[in-house]
Every structure is written in structure tokens, then in C-alpha cells.
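Accompanying notes for the structure given below.
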Amino acid sequence: MTVRPDGVNEDQGQFLLGPGSQLEWTASWAGGPFTVRLVSHVGKKRQNNEDSCLFCAPDTDTLERRGYLLAVADGMGGASAGERASRLCLEQLAEWFYSPRVKGLVPHALRYALHMANEAVYTEAIGNPEFEGMGTTLSAIALSGSWAYLAQVGDSRIYLHRPEKGFFQMTEDHSLVAEQLRSGLINESEAKNHLLKNLITRAIGIKDSVEADFFAVELQQADTLLLCSDGLSNMVPDQSLSEFLALEDLNEIAAKLLQSALDAGGTDNITFLLARVTSELRKTYYQQGADKVLFDSRGFLNRLKSWFPRTK
């Protein structure tokens, strides 16, 4: 699938990428077994929006081969650099993920596309003084049949709400504070109010290579996925996120998420993507290349490592 950065592609299908130069942006898509809602808002304190948000529903042949692609990126570097980093990252991610030149299973294509996105942002940063030091987070999902393959770099997040099972943060933040929390050096209250809570330890485009986390979870009807920048997750507590995602109407969920982040101060750009499974999914086999995530009988998540080697 050849994509252009104006919201359409040259083949059949749909390619949604925003917000671009807009301070507020929304988009929707419904088809197949999913309903999707994309939202990006500059917030109350920033002058420009450095976040980007992506949804790809390709033509039928490409969909069979690769599936849908969803992603959120939170750029850094200030002014036009952060905006450029997040948008370039998502453009390159989509371009390479769907490229017929990339062979192999879906997780391999996602890994390769992430690698190429990192290379593109890094190359532009070192070759253009205006963009020096720019980078971006990346939280992405490739939806193929009944399986979701997740890629994570930085502190944007992916959540899953499953009726009767609960609300789960599927990704781990790559930040100094999150690492201290996982190590037991600080508690959750200290982490929430830490002066360095926005200092991330991994980002797309900062170095010529990047280490990413890759997970896989089998979806089912009524699951709701939330991909978001920290402008949402830092403003809205998990309890509220869980309550909102349990609502029936996706538009209502989106409105409540945005308003809650703004009411809490809106100190950063607020960007998120909602995807709900509205009908039974085509059953597919798990594809090697990502750590499998399973629910146990109590609804807790367990991660089982695949044999596929990690890439950096």
C-alpha cells in the first residue's frame, strides 16, 4: 500500500494520520470487526501539538497479508522538531509495514517497520540543524485476525479493557521513574509526583538503533483498546480510564477522556486512539515474534516469551 500524508492512500482503503498543523483533530472509522475513534488536542498549556496518531485500513489483499495498523507517537525536541518526529515516525512505520518488499510474519514486519522509522527520524535529526535532538515515543498495534501485535518505545501507553476480566496496562513505560518503581526504589505515590517522571529512557530517533518491546494478545468480541500519549495517562487516573472504557458508546468514551484530561489541567498535548471489537473476529494462529500475553483464570495477565530473538 502506497500512502500519502494527506489522509488517503493511492489504493482502496483508508489511511488516517493527524493532527498535522491542527490544534484539535478527530477522525472515525467503522468497518470489518472494529470501530475506531482518533482524537488529538493541543491541551491548555502548549502552543503547538507534537503528538501524532495513525490508523490504517488497507485494501483487501494487503489486509489479508498484514492487517490493520494503529499507532500513537509523542514527539520531543520542541516546536516543529517534535511534531516532525512523531509524524515522520508514523509515516515511515506505515510505509514499511505494508511494503511488499518486507517479507515474513506480521511481528517481523512490525519490527522492521519500527527499525526503519527509527532510522528515518535519526537521519533527519542529524542532517538538519533545525531538528537536532528530536525524537518520539511510539505505541503501535498490528491487528491481524484475532491477534494484536504490540510494539512499544517510550512512555505512551496501550491499555485493554475486557468485560468481566478488567482493565490492563499492556505496555511498560520506558522512563527513569518507571524503572525505579519496578525496582522498588520508589512507590506509586512518589512516582506520580516525581520531578523527573517525564524523563524517558528510550525513544525513536535519538540513536541509530532502538530497543523495543513486542507483545501479542488474542482479542475477542467487546474488547476495547486505548493507545494514548502521556498527556492523557498523566492526567486521568486508571480508575477513571477503566470506567470510561466500559461505556457502550465509543464517541461518549472519547468525549469523556478528552474532557477529563482538560479538566485535570491539560498540561500536555492529549492524543489517543480507541478501537473496539464489535463483532466476532476471524480466528487466526499466533505468529511467532512477540511475547505472548495470556489471561489466567483470575483475569490476570501473564507474559510468555516467544523464541524469536529480540532486536535492537
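One table, with the values for the structure above:
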{"item": "When residues of region 21-60 are limited to those that are of a type in the set (F, W, Y) and at pLDDT 95 or above, the one surrounded by the fewest Cβ atoms within 10 Å (Cβ to Cβ)", "result": "W29"}
{"item": "Restricting region 246-284 to residues that are of a type in the set (V, I, T) and not in a helix (DSSP H, G or I), the residue that is nearest to the chain's Cα centre (by Cα)", "result": "T271"}
{"item": "Sole exception among (1) at pLDDT below 95; (2) part of a loop (DSSP other than H, G, I, E, B) for V102, by number", "result": "(1)"}
{"item": "Only listed residue being basic (K, R), in contact with a Leu (Cβ under 8 Å, 6 or more places away or on another chain), within 26 Å of F214 (Cβ to Cβ) and at pLDDT below 95, chosen from K312, K292, K305", "result": "K292"}
{"item": "Residue match in region 91-99 (condition: modelled with pLDDT of 95 or more, closer than 24 Å to L63 by Cα and assigned to a loop (DSSP other than H, G, I, E, B))", "result": "yes"}
{"item": "Spans of strands (runs of 3 or more DSSP E) in region 116-198 with at least 2 residues under 30 Å from P58 (Cβ atoms) and at pLDDT 95 or above", "result": "138-144, 147-153, 157-162"}
{"item": "Residues being at pLDDT below 95 and either within 14 Å of H115 (Cα to Cα) or among the hydrophobic types (A, V, I, L, M, F, W, C) (or both) - total across region 79-90", "result": "2"}
{"item": "Long-range neighbours under 6 Å by Cβ, at least six apart or interchain, first residue farther than 16 Å from F34 by Cα within region 240-251, second outside any helix (DSSP H, G or I)", "result": "S242/F167"}
{"item": "Region 117-136, residues that are surrounded by fewer than 17 Cβ atoms within 10 Å (Cβ to Cβ) and either of a type outside the set (V, I, T) or touching a His at 6+ places or on another chain (Cβ under 9 Å) (or both)", "result": "G127, N128, P129, E130, E132, G133"}
{"item": "Count of residues meeting criterion [basic (K, R) and more than 23 Å from L232 (Cβ to Cβ)] in region 70-123", "result": "3"}
{"item": "Whichever residue in region 217-239 is in contact (Cβ under 8 Å) with a residue 40 or more places away in the chain and in a helix (DSSP H, G or I) and, among such residues, is nearest to T136 (Cα to Cα)", "result": "D230"}
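The values are calculated or read from the model by the stated rules, or taken from the named source; none is laboratory data. This is a predicted model, so every value here is computed, not measured. Cβ atoms come from the backbone with ideal geometry, glycine included; neighbour counts cover every protein chain shown.
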